[in-house]
Structures are given as structure tokens and as C-alpha cells.
Amino acid sequence: MTVTPREDQPTSRITGDARSWWSDAVFYQVYPRSFSDSNGDGIGDLGGVIDRLGYLELLGVDALWLSPVMRSPMADHGYDVSDPRDIDPLFGDLATMDELIVEAHARGIRVTMDLVPNHTSSEHPWFREALADGPGSSTRDRYIFRDGRGPDGAQPPNNWPSVFGGPAWTRITEPDGTPGQWYLHIFAREQPDLNWDNPEVFADLEKTLRFWLHRGIDGFRIDVAHGMAKPEGLPDHDWNTNELLKNDDDDPRFNNPAVHEIHRGIRRVMNEYPHAMAVGEIWVRDNERFGEYVRPDELHLGFNFRLAETAFDADAVRAAIENSLDAVAHVGGTPTWTLSNHDVEREVTRYGGGPRGVTRARAMALVELALPGAAFIYNGAELGLPNVDLPDAALQDPTWERSGHTERGRDGCRVPVPWEGDRPPFGFSTSPDTWLPIPPAWTPLTVESQLEDVDSTLSLYRAALEMRANLPECSGPGIDWYGSPPGCFGFRRSGGLICVLNTTDAPIQLPPGTVLLASAPLADGLLPADSAAWLV
Ligand code: NOJ
Ligand code: CA
């Protein structure tokens, strides 16, 4: 199926080398529920993204990554997919998606979307069939069903916990009404894990890949790309941590060697669409093992989360950068950078919150955008949004319930984007009843407040993105480190850009050169505390 351009349709302004546009792209992550609401139900949608494309063009991003918009009962806000080849009515329909692709391309912005191959929704027709058909059926073999342990099978098949809290297994009632088998769900119980040893599972993913690529999608973010394959026999494990998504490398739920054959299969399909790329969510610490995912016949890119986990400390940031570069260098891969996403605390808060958190986040934006490779900006980071301390009653993340109200979950970084005006919902929606409440104190953080203010975080991002796209100095595959005083670092991109970071409490002298951009005003030519600058 192809999208035939209408006579009056805008033409695509996508230019550049179609085979490698991702290698230095700036991706903007849209969390669709929280970006912009076009129909007044208080929840962001695809129509809202179309409405804001002008903003994204002005910001200067190269591509969008849309968190899941496929059909979903929304137990995990779209990461529980019941039909991977349709758009959820909450977000629009296939025609809205087609329109978004055409309109984004007309503005020179590529569109990539989330794919969730590790699990489906428990409302997916496959899972319903599996429940109805009973033990040993071919439909049950698409998932991971096992008999329980103990004399009456009342104990889960192994001791794995779910990432969201509680056991990773749920017992079902068989069609005849008796207590039955258990199924594996590494995430919520509404997200049963697929059995990747069953060839039907890959065949269906292939169908999904082709479905969206034919519609003009430029690539995918692959959810839990280090998951999918499970170890032989599903062995018990000696658990010492179950922090959300921050598994150890020896966690048997993730990073099993058979996953690489799955990625090779995905790549074989992707190679038929050379304009498109796949980036995997890979929570793997060991550099050697991380790099395996981005070998030339696997994923085009892998998310490296080291920067998103690092405190505002020059040595720690430098170590994160060096590690991220090392992780891909040994396989000739492209580095990636991200300061935050919809699963982690926003950087402003991670760096201490308040004005100081914003100052530091601005500095880190310049560090991120100076580095070689692909950068990912999470919606609202360009406005310097902090995490929000939401009241218990507002919390929606399944983690909150699953953990027995001990983990608050990720809602604090998912609060809707403030666009304009002086009170909630700040133009995000026409309804005051937004899916998560927006703090009234966000008036100075709206796009409208920041757009014309040359000192705003939004203006800093715009200037950095413009330079990154246009200056030859902001290019080149490598960086060299300068000798620097404690608490600071400087590196030179091979194209010539110098980036200096000062994480101390005092101003520092800059190296010789012309300052192009600084995250805070220089005082007497010195780079103030908690800031960064670009020089040539
Ligand atoms: C990772 C996604 O980023 C997260 O939001 C989701 O809850 C899990 N994968 C499960 O799909
Ligand atoms: Ca809506």
C-alpha cells in the first residue's frame, strides 16, 4: 500500500543522503498524549502534532520519534498494543497519520514511530485466542505459557519479577473454569511477552514493518530491543535489584544472545527500504555487549542512556561520553545521545531543580548537541521543563498500582507541554481537564513566553540546532579532549567546534577562540559556574 500524493499536497522537502540521514540527525521525541490536543478531550493526539509542525520546523529538528500511537487499551499508555497496524482512535486514524507524514515531509522533517515487539496487549486477538484455545495449542505457543510450580501449580513458573513490580507471571483460568497455566509478562500483566521462538511472531512483525514503511514512515524506535529472546528453560535468578528498567547485565529477562538473530531479521527487511532506520532501546551497560546491537547487519542506532543517568559533574559526564563512544566504536557504529525521555526524570530536576537545575540543563544541552552522532530531545526539554510532583490521585503510570504505591512511576516527566497563555491548560487543550494536570507556575515556561526571548532555553536550543545543522565546524566523526582544570572539560569536534563545560561553582577562563554560543552570559570573558560554551 502506498500513499499517493494528492494534486494539492505539499511536496517533500526531505533532502540529503537518504542512506545515512540518521547518523547526525536531531530527533525530537513526541510523547503523543502530552504534546498537543486537537479535539479537546484533554489528551494529546496526532492532529495536535500536525498543528504544531510549524513549531518543530522553527525549532530545527530533523526527525520525530512518536511514542506508540497504535491501537491500545492504554494500560501502559500505548506500550500495550492490540493492533500494531492501526492507529488508536484516541490519537486519530490512519488518514491522520498519512497526513502527518506528508505535512512533516513538506517541512523537511522525517517521521519515525515506536514499535513494541517484545509483547502485545492482553486484548490483542492473538492473546484472546491463546486463552480460549487451552494448554498445548498453537495459539498459546505465540506467548510464553507454562504450568505453575508446586503440587497444584499454584506457584509461578520461576522467580522473575515484573519491571513494574509484582511477579512477572499471571495465572489464568482455563476455558473449563479451572485454575490454569501462567503467562510471562516482563512488564504489566496487560503486556504478555511474545514467544520469539515461534516463527509466526517474526512474520507478523515483518508485516507491521512493511505496513508502516509503505505508508512513508522513515523508521522505528524499537521498544525493549534488548528483550524479546528468553533464556533456555527460563531459569530462576538471584535478584539483587529491580529498579525500573535499570536491569543488571546478568538479568536473565534481557540481553539474551538469540536477540541478535531477531535484529538481523529486522535489518534484512529494513534494507529493502534504504531511506529508513531503526533505533533500539538498549539498556545494556557493558560496552562490548552494547555494540553487538549496532553491528552492520543489526540496528542502525542504539539508544545509549549513560548521559541520561549521569549527574552534573564534569568527570562523570566525560566518562559517560567516552563510554558511549567506545560502545559503538568497536563495531563502526554511530553514537547516540539523550538527556531524558518519557521513562526517566527530566534533566532539570535530575541536576538539582529550580533555577540551578535549568542552568545546568542548558549547559548539558550544548554538550549533547556538540557531540558527533544522533541526538534525541524529549518534548519539553527545549523549554527547560522540570519533573512535576503530582498528587497521588493524579498518578496514572501502572508502576504506582503495581508497586503497591511505593514507586510513583513516570508521570512526573509526562505532564503536557505548555504552549501559550497564563494559566493551565496553556493552549495544550481546550479542556481544562488534561490527562495529567499542568502546574499553574508554568506560565514563564510556555512556548509563547520563550519564543521571542533571546535568553530563553527555547532560544538556546534553536540557536544550537541551527549552528549544528549549518556550520562545518559542527561536523566530523570524532572528538579530542583538552587538558582542563578539575570540574571542567573541553573537547574539540573534528570539524573544529570546541565545547567547554564548567561544573564547578566558580567562573573559568575559556580557551582562545571566538565564542559562538554560551548557555549563560559570560562575565568579563569568563565562563560562569554550571555552564557551557561553543567556540571556534
Ligand atoms: C520501554 C518504554 O519506553 C516504556 O515506557 C514501557 O513502559 C516499556 N518499554 C514497556 O513497553
Ligand atoms: Ca485529543
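Any read-out appearing in this document is the output of simple, stated calculations on the displayed coordinates, not a laboratory observation. Computed from a prediction, not measured in an experiment: that's the story for all the values here. Using ideal geometry, Cβ is built from the backbone for each residue, glycine included, and neighbour counts are taken over all protein chains shown.
If you wrap a convex hull around the alpha carbons of the range 403-471, what volume per residue comes out, as a whole number of Å³?
134 Å³
How large, in Å, is the chain by the Kirkwood hydrodynamic radius built from its alpha-carbon pairs?
24.1 Å
Count neighbours as other Cβ atoms within 10 Å of each site's Cβ, and list the chymotrypsin sites (Phe, Trp or Tyr not before Pro) in the range 192-264 that are DSSP loop with at most 14 such neighbours.
Listed in order of number, the matching sites are 239.
Can you give the longest stretch of the chain with no exposed loop site, where a site means GluC sites (Glu not before Pro) in a DSSP loop (not H, G, I, E or B) with at most 12 other C-beta atoms within 10 Å?
8-231
Go through 430, 92, 495 and say which Cα lies farthest out towards the positive end of the charge dipole of the chain; charges sit on Cβ, +1 for Lys and Arg, -1 for Asp and Glu.
The residue sitting farthest along the positive end of the dipole is 495.
Taking each pair of distinct Cα atoms in the range 258-378 once, what is the resulting Kirkwood hydrodynamic radius in Å?
15.1 Å
Considering every pair of different Cα atoms, what Kirkwood radius, in Å, is found for the range 478-535?
Kirkwood hydrodynamic radius for the range 478-535: 11.3 Å.
Long-range amide H contacts for residue 194: which residues qualify at under 5 Å (H placed 1.01 Å from N, peptide plane, sequence gap of 5 or more or a different chain)?
The list, which skips near neighbours in sequence, is 119, 120.
If each Cα of the range 125-184 is one equal point scatterer, what is log10 of I(q)/I(0) from the Debye formula at q = 0.24 Å⁻¹?
Each listed q corresponds, in turn, to -0.99.
Looking only at Cα atoms, what is the convex hull volume of the range 116-227 per residue, in Å³?
Taking the convex hull of the Cα positions in the range 116-227, it is 107 Å³ per residue.
For the range 423-487 and the range 180-221, write down the distance between their C-alpha centroids in whole Å.
34 Å
Find the centroid of the Cα atoms in the range 94-172 and in the range 20-83, then give the distance between the two in whole Å.
22 Å
Where Lys and Arg each count +1 and Asp and Glu each count -1, what net charge lies around residue 502 among other residues with Cβ under 15 Å from its Cβ?
-1
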